[in-house]
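The values are calculated or read from the model by the stated rules, or taken from the named source; none is laboratory data. Since the model is a prediction, treat every value here as computed from it, not as a measurement. Here Cβ is always computed from backbone atoms with ideal geometry, including for glycine, and neighbour counts include all displayed protein chains. For the accessible areas, the whole protein counts, side chains as well, though only heavy atoms, and no ligand, DNA or RNA atoms are used. Shrake-Rupley method; radii C 1.70, N 1.55, O 1.52, S 1.80 Å.
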Amino acid sequence: MAPTEPIRATRGVRDLLPAARAPWQVAERAAAVVAERFGYQEIETPIIEPAELVERGVGDETDVVSKELYKFQDPGRRWLVLRPEGTVGVVRAYFEGNLNQGPQPARLYTQGPMFRHDRPQAGRYRQFYQFDVEAIGDPSPAVDAEVIELAWTWLRELGLGRVSLQVNSIGDRNCRPAYREALLAYYRPLRADLCQDCQRRLESNPLRLLDCKEDAPHREAAPKITDYLCEPCRLAFAQVTAQLDAAEIPYTVNPRLVRGLDYYTRTAFEFWHESLSGAQNALGGGGRYDGLAEALGWPATPAVGFAAGLDRVVLMLAEEGIEIVAPPAAEVLVLTDGEGLDVAAGRVGRVAREVLPTAVDYTVRSLKAKMRSANRTGARWVLLMNAEEAGRQVVQLKEMASSEQVEVAWSELGQELENRALALEEMQP
Ligand code: AMP
């Protein structure tokens, strides 16, 4: 039976239509270019992963796993998830693909969709997109700074200005327990005042309380992790900030910054945008996660990474007035006046396509209707041809902006389009 309502997309997801894709393409391409400039190589990992990988790697305590996971049984009755983040998949692939046997660290990047079943709102979607960078197999604090510099360079090259970098160290398994105790001692008497979530996670994961938006008033007086760092962690953090200073990257040391995911050690950082507020203020973040590989059953391996939300980066490009206009689908459009000219039109299209993006209009309708549609596509040039012209192997080349029209032989067409494209390029600032 036919549905009574037209079928629409599910809640919290979006289509990115061609007109909206332009800034995405710019952001994605810049991400790849900058990552490769730093010597990072592209990796693709599956969108579906074993549920256990994410549950163990991200941690059962986190909202991402306990509340927001898209988890299902496949027809083979295996428990799978749609990946909510990229790191655990990349780490799994690093070992399964024997990248741990290659040069260290493995410098990797990936881009793609992530899934979290959260309450949708502006800047928060159930399917969103991340640019992920991971450097696996090197404990050097300088690599932490390198990852930060890569991310910073990317945001800068996109033209984003109102971004601040927040950095912190959250210690390691040696010094964090004492800090944890100090936090517990501070928060226990305040228990009744805390939000429901925080009351629950007070004993299991008190660091997360610093992350809570509702309990912000208590955060100010809470003990600071920076006062509890052991000597190696303190030194490592000093090395990270020294590298940032040398790279002239401005940052704020934010002792309240913790990461929502359990596997982080030492360096934690976030990029905030002035116009993002509340729970959605981060464009991206990352840190060192020396404990993750072991938690997944692989040999203990130091690593550091970063993930940015492309959705929010694109939103902030618009917010800062950085306009990226979608280019026309094709610069050149081939049009025929009359029927039976598809083969000739295809041939002309093939010649033009050697030089510029070219589409051929094969629809059966009047020339007038085709011209109207050509106008709407934004094509710069139209190549017009009727049966007589096709017989002589010529087209009328029309420049849409000026309506100027000249006859060009098919054999000359490539050169003619090239000249015009070059002339246009030279005119541009
Ligand atoms: P996280 O893995 O939670 O640290 O997220 C890293 C970045 O991904 C965030 O700073 C956001 O920019 C982006 N992000 C996370 N969750 C969402 C979401 N539901 N919708 C859009 N972007 C998100």
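Per residue and in Å³, how big is the convex hull formed by the alpha-carbon atoms of segment 200-346?
Spread over its residues, the Cα hull of segment 200-346 gives 275 Å³ apiece.
Farthest toward the dipole's positive end in the chain, which of 271, 171, 69, given Cβ charges of +1 (Lys, Arg) and -1 (Asp, Glu) about the Cα centre?
69
Run the paramagnetic zone check for residue 234: 7 angstrom along Cα to Cβ, then residues of segment 162-180 with backbone nitrogen under 12 Å.
Label zone hits: none.
What whole-number value in Å² describes the accessible area per residue of the chain for a 1.4 Å probe?
With all protein chains present, the chain gives 49 Å² per residue.
Using Cα springs under 10 Å in a Gaussian network model of the chain, which residue among 265, 252, 358 shows the largest mean-square fluctuation?
With Cα springs under 10 Å in the chain, the top fluctuation among 265, 252, 358 is at 358.
For residue 412 and residue 184 in one chain, what is 0.36 nm times their gap in residues minus the Cα-Cα distance, to one decimal in nm?
Values: separation 228, 0.36 × 228 = 82.08 nm, distance 7.93 nm.
Here the answer is 74.2 nm.
Between 412, 323, 28, find the one with the highest GNM mean-square fluctuation for the chain; connect C-alpha pairs within less than 10 Å.
Result: 412 has the largest fluctuation of those listed.
In debye, nearest 20: dipole of segment 84-167 around its Cα centre with unit charges on the Cβ of K, R (+) and D, E (-)?
Rounded to the nearest 20 debye, it is 480 debye.
Which value results when the Cα radius of gyration for segment 306-350 is divided by 2.2 N^0.38 Å?
The value comes to 2.14.
How many angstrom lie between the Cα centre of segment 338-367 and the Cα centre of segment 140-185?
Their Cα centres are 55 Å away from one another.
Once both axes come from the Cα atoms, what is the angle between helix 18-37 and the longest principal axis of the chain, in degrees from 0 to 90, rounded to 10?
60 degrees
Roll a 1.4 Å probe over the protein heavy atoms and report the accessible area of residue 117 in Å², nearest 10.
80 Å²
May I ask you to give the percent of accessible area on the chain that is carbon plus sulfur, with a probe radius of 1.4 Å? Could you put the intermediate results ahead of the total?
Details: 10680 of 21170 Å².
Answer for the chain: carbon and sulfur cover 50 percent of the accessible area.
Binning at 5 angstrom from zero up to the longest distance, how are the C-alpha pair distances of segment 277-396 distributed in percent?
With a bin width of 5 Å, the distribution comes to 2, 9, 14, 12, 9, 6, 6, 7, 7, 7, 7, 6, 5, 3, 1.
If you scale each eigenvalue of the Cα gyration tensor by 5 and take the root, what three semi-axes come out for segment 147-281, rounded to whole angstrom and sorted largest first?
28, 19, 11
Identify all aspartates and glutamates with a Cα-Cα distance to residue 224 below 14 Å; exclude those on the same chain that are fewer than 8 residues away in sequence.
By straight Cα distance, residue 224 reaches 181, 211.
Could you sort 173, 376 by their accessible area in this structure, using a 1.4 Å probe and putting the largest first?
Numbers: 173 170, 376 215 Å².
Most to least solvent-accessible, the answer reads 376, 173.
What figure, in Å² to the nearest 10, do you get for the accessible area of residue 140 with a 1.4 Å probe and non-protein molecules left out?
Around 40 Å² of this residue is reachable by solvent.
Just want to confirm a number: the relative contact order over segment 107-156, from Cα pairs under 8 angstrom separated by 6+ residues, in percent. Walk me through the numbers before you get to the answer.
Numbers: 47 pairs, mean separation 16.5, N = 50.
It comes to 33 percent, rounded to a whole number.
Just read off the accessible area of residue 249 with the full protein assembly in place, 1.4 Å probe, to the nearest 10 Å².
The accessible area of residue 249 comes to roughly 10 Å².
Just need the relative contact order of segment 325-401 here, percent rounded to a whole number, with Cα pairs under 8 Å and 6+ apart.
Normalised by residue count, the contact order of segment 325-401 is 40 percent.
Going by a ≥ b ≥ c, the root eigenvalues of the Cα gyration tensor, does segment 334-382 fall in the rounded group (a/c under 1.5), the prolate group (a/b larger than b/c) or the oblate group?
On the way: a/c = 2.82, a/b = 1.13, b/c = 2.49.
Oblate shape, in that a/c is at least 1.5 and b/c is the bigger or equal ratio.
Rounded to the nearest 20 Debye, what is the dipole magnitude of the chain about its Cα centre when Lys and Arg each give +1 and Asp and Glu each give -1 at the C-beta?
Here the size comes out at about 1240 debye.
Sequence neighbours fewer than 8 away in the same chain don't count; with that in mind, list the lysines whose C-alpha is under 20 Å from residue 398.
Output for residue 398: 368, 370.
In cubic angstrom, how much convex hull volume per residue do the alpha carbon atoms of segment 40-100 span?
94 Å³
Taking every alpha carbon pair in the chain, what does the distance histogram look like in 10 angstrom bins from 0, in percent?
The distribution over the chain is 4, 18, 24, 20, 14, 11, 7, 3, 1, 0, given as percents.
Classify segment 348-429 from the C-alpha gyration tensor, please: rounded if a/c falls under 1.5, else prolate or oblate depending on whether a/b exceeds b/c.
The shape class here is oblate.
Do the sum for the chain: with -39,500 (n - 2.57) for every DSSP H run of n ≥ 4, divided by all residues, what is the mean residue ellipticity at 222 nm, to the nearest 500 deg cm²/dmol?
-11500 deg cm²/dmol
Defining a contact as two alpha carbons under 8 Å apart and six or more residues distant in sequence, what relative contact order in percent does segment 209-294 show?
26 percent
Using only the alpha-carbon atoms, how far is helix 342-353 inclined from the longest principal axis of the chain? Give it as 0 to 90 degrees, nearest 10.
Result, in degrees: 50.
Take the alpha carbon atoms of segment 369-400, find their center, do the same for segment 27-70, and report the distance between the two centers in whole angstrom.
47 Å
Along each of the three principal axes of the Cα atoms of segment 174-245, give the extent in whole Å, ordering the values from largest to smallest.
42, 23, 18
In terms of the Cα gyration tensor, with a ≥ b ≥ c the square roots of its eigenvalues, is segment 1-74 rounded because a/c is under 1.5, prolate because a/b exceeds b/c, or oblate?
oblate
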